[in-house]
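The structure appears right after this line, and notes come after that.
Every number here is computed from the coordinates shown, using simple stated rules; none is lab data. Note that the coordinates shown come from a computational prediction; the quantities given were computed from them, not determined experimentally. Glycine also receives a Cβ, built like all others from the backbone with ideal geometry; neighbour counts cover every protein chain displayed.
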Amino acid sequence: MEQKKKKYSYIRRSYARNGIGSLFLAILAFCLLVAAVVMTVSNMGQAGLNAGAVGLSSMVMALMSLWFARLGFLEKNRSPLLAGIGASLSGLLLLFWIGILIAGARL
């Protein structure tokens with residue numbers, strides 16, 4: 001049985017454009033999450049409409065990041081590395097927000 005020779009490609013593929021957008025939106029969503037938590041903690045748990053608006057914006061940005069990551073994975077001949085990082089980060093952010101919403105609904 002012959003072993004197949006491994007093919008190495010020295011051509012560097014560029015990153016998927018939508019993957020770059022996904023990572024940018026995920027980082028922006030994380031920054032908005034931190035801002036919402038800081039606003040809530042500084043007001044001793046009595047967050048106002050501003051913190052709610054920032055939190056909702058963070059959730060929307062995380063959802064948009066997942067959408068862009070999906071589009072980034074579909075791009076041909078492009079590296080999906082940044083799309084994977086953006087999808088992972090935004091997925092974790094959405095899980096965090098879902099946990100916050102469930103905890104808030106139970107109180």
>> Which one, GLN46, MET64, ILE100, is farthest towards the positive end of the dipole of the chain when Lys and Arg carry +1 and Asp and Glu -1 on their Cβ?
In response: MET64
>> Taking amide H atoms as placed 1.01 Å from N in the peptide plane, list the residues 5 or more away in sequence, or in a different chain, whose amide H sits under 5 Å from that of TYR15.
In response: SER79
>> Ratio of alpha-carbon Rg to the 2.2 N^0.38 Å globular estimate for the chain, to two decimals, please.
In response: 1.46
>> Please compute the length gained on full extension between SER88 and LYS7, using 0.36 nm multiplied by the number of residues separating them and subtracting their Cα-Cα distance.
In response: 26.2 nm
> Could you give the length gained on full extension between MET44 and PHE96, defined as 0.36 nm per residue of separation minus the Cα-Cα distance, in nm?
Replying inline: 16.7 nm
